[in-house]
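Engineer: Please see the structure below; I have some questions.
The values are calculated or read from the model by the stated rules, or taken from the named source; none is laboratory data. For clarity, every value in this text was computed on a predicted model and none was experimentally measured. Don't worry about glycine lacking a Cβ; one is built from the backbone with ideal geometry, like all the others, and counts go over all protein chains shown.
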């Protein structure tokens, strides 16, 4: 409760900075956000049935508040504060309910209700000061650092990647960092990032140089992440009428360089017709296991966000079709090419008004017992979202 009151007090202090008469100062407050409600039906695999029911109802409600305080030319403070309520008809497996964020030095999460079937928490997902200059920019605080070109996987994004199976998550987690970007010319810049985590007991750092070569956006990156040295790069451009992209890294243990692995993606997307968009992306995960009997050892790392997948080779195929100017349907298929498991993700979205949308969808996992996606529950959902 004390921490919650502190958060409310911080809000009032934030709003109190705004003068009543904008004509007297350049300070300006802009406010946006959204509210989302996501009723979900889940059928949990029998492997998890300890004291839970197989058929479960779940409802997730999220409210995200995004005020931005413009202080002066090029300078602003941005905050994204989220309130999330979970209701579930039965206790869910731990790896589905765990909300663990990495790359953060300070815990800005408050659990106001934590009961067997109902939980309510709020947290600060972004809170940073940004100053833009003619020559670049500086960002200090909890921020999104978006590296890479992949649409489904991002091997070079070691700050805040997102699991492709997370249909209820939109934003990548914020990282507590200081980032500096310097413009070297048109379409050319270098970015340096220092990230503190675990109450400042550990840290990560990286750089990314980006430019344009022969009409392709290309970059190289490197750094120190999770006590490992990392080097890599990415590219994106057009091949005839199709878009092509790729990215990859080599990661080595700082204490034993022979302990290393490679990760990369290759992707192609193409607008087949004015209404049909297609995407294919292949992912090689050199950190993954070749023996599916070892998957059980990786659940903790998956729940902590340290890994996103168990195996080595993955293929994602997606099609998005515009049924009507206001209605879009999509179908994605993710396949673990090593053990034959995967999931199918159908969806239909209706833009009901200029600032709201309604949708239905699902995550239909398949695979033999003990394969990666066999552990995932079947999920069907309805989604309503309103932007303000």
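Engineer: Those residues that are without any contact (Cβ under 8 Å) to a residue 60 or more places away in the chain, over 18 Å from residue 238 (Cα atoms) and touching a strand residue (DSSP E or B) at 6+ places or on another chain (Cβ under 9 Å), I need them from region 254-273; list them, please.
Structural biologist: 254, 257, 258, 259, 260, 261, 262
Engineer: Continuing with the same structure: Let me confirm something: among 167, 207, 225, 213, which residue is more than 21 Å from the chain's Cα centre (by Cα) and either modelled with pLDDT under 95 or within 23 Å of residue 138 (Cα to Cα) (or both)?
Structural biologist: Exactly one of 167, 207, 225, 213 is more than 21 Å from the chain's Cα centre (by Cα) and either modelled with pLDDT under 95 or within 23 Å of residue 138 (Cα to Cα) (or both), namely 213.
Engineer: What pairs can you find where one residue is in region 63-91 and on the phi > 0 side of the Ramachandran plot, the other is part of a strand (DSSP E or B), and their Cβ atoms are less than 9 Å apart, with a gap of 6+ or different chains?
Structural biologist: Taking only residues 6 or more apart or on different chains, the pairs are 74/130; 74/131; 74/132; 74/137.
Engineer: Is it the case, given these coordinates, that residue 370 is touching a residue at least 12 places away in the same chain (Cβ under 8 Å), touching a helix residue (DSSP H, G or I) at 6+ places or on another chain (Cβ under 8 Å) and within 30 Å of residue 262 (Cα to Cα)?
Structural biologist: yes
Engineer: To continue, here is another question. Got a sec? Which of 215, 171 is surrounded by fewer than 16 Cβ atoms within 10 Å (Cβ to Cβ) and closer than 22 Å to residue 283 by Cβ?
Structural biologist: Result of the check over 215, 171: 171.
Engineer: Taking the options 66, 62, name whichever one is within 19 Å of residue 119 (Cα to Cα), at pLDDT 90 or above and surrounded by 12 or more Cβ atoms within 10 Å (Cβ to Cβ).
Structural biologist: 62
Engineer: Scan region 274-283 for residues that are over 17 Å from residue 331 (Cβ atoms) and touching a residue at least 60 places away in the same chain (Cβ under 8 Å) and report the count.
Structural biologist: 1
Engineer: I'd like the full set of residues that are surrounded by fewer than 16 Cβ atoms within 10 Å (Cβ to Cβ) and either farther than 30 Å from residue 201 by Cα or in contact (Cβ under 8 Å) with a residue 24 or more places away in the chain (or both), limited to region 225-234.
Structural biologist: Across region 225-234, the qualifying residues are 226, 227, 229.
Engineer: Could you please tell me which pairs satisfy a Cβ distance under 7 Å, a separation of 6+ or placement on different chains, a first residue in region 284-295 that is at negative phi and touching a residue at least 12 places away in the same chain (Cβ under 8 Å), and a second residue that is buried (at least 19 other Cβ atoms within 10 Å of the Cβ) and part of a strand (DSSP E or B)?
Structural biologist: From residues that are at negative phi and touching a residue at least 12 places away in the same chain (Cβ under 8 Å), the pairs are 284/263; 284/264; 285/263; 285/314; 286/263; 287/263.
Engineer: Continuing with the same structure: Tell me which residues, restricted to region 342-388, are surrounded by fewer than 19 Cβ atoms within 10 Å (Cβ to Cβ), within 20 Å of the chain's Cα centre (by Cα) and at pLDDT below 95.
Structural biologist: none
Engineer: Taking region 163-196 on its own, how many of its residues are without any contact (Cβ under 8 Å) to a residue 40 or more places away in the chain, within 23 Å of residue 244 (Cβ to Cβ) and in a loop (DSSP other than H, G, I, E, B)?
Structural biologist: Number of matching residues: 2.
Engineer: Tell me, please, whether a residue that is touching a strand residue (DSSP E or B) at 6+ places or on another chain (Cβ under 6 Å) and in a strand (DSSP E or B) can be found in region 290-312.
Structural biologist: no
Engineer: Examine region 80-95 for a residue that is part of a strand (DSSP E or B), out of contact with any strand residue (DSSP E or B) (no Cβ under 6 Å at 6 or more places or on another chain), over 30 Å from residue 232 (Cβ atoms) and modelled with pLDDT under 95, and state whether such a residue exists.
Structural biologist: The answer is no, given that none of the residues of region 80-95 is part of a strand (DSSP E or B), out of contact with any strand residue (DSSP E or B) (no Cβ under 6 Å at 6 or more places or on another chain), over 30 Å from residue 232 (Cβ atoms) and modelled with pLDDT under 95.
Engineer: Can you name every residue in region 197-211 that is surrounded by fewer than 18 Cβ atoms within 10 Å (Cβ to Cβ), within 23 Å of residue 251 (Cβ to Cβ) and without any contact (Cβ under 8 Å) to a residue 60 or more places away in the chain?
Structural biologist: Result: 201, 202, 203, 205, 207, 209.
Engineer: Sort out which residues of region 96-108 are surrounded by 17 or more Cβ atoms within 10 Å (Cβ to Cβ) and either part of a strand (DSSP E or B) or at pLDDT 90 or above (or both), and write them in order of number.
Structural biologist: Matches in region 96-108: 103, 104, 105, 108.
Engineer: So is residue 277 under 18 Å from residue 161 (Cα atoms), at pLDDT 95 or above and crowded, with 17+ Cβ neighbours inside 10 Å or not?
Structural biologist: Criteria not met by residue 277.
Engineer: Let me ask something additional. For residue 348, only one of the following conditions fails: (1) touching a helix residue (DSSP H, G or I) at 6+ places or on another chain (Cβ under 7 Å); (2) within 20 Å of residue 167 (Cβ to Cβ). What is its number?
Structural biologist: (1)
Engineer: Out of (1) modelled with pLDDT under 95; (2) crowded, with 19+ Cβ neighbours inside 10 Å; (3) more than 27 Å from residue 159 (Cβ to Cβ), the odd one out for residue 308 is which?
Structural biologist: It is condition (3) that residue 308 fails.
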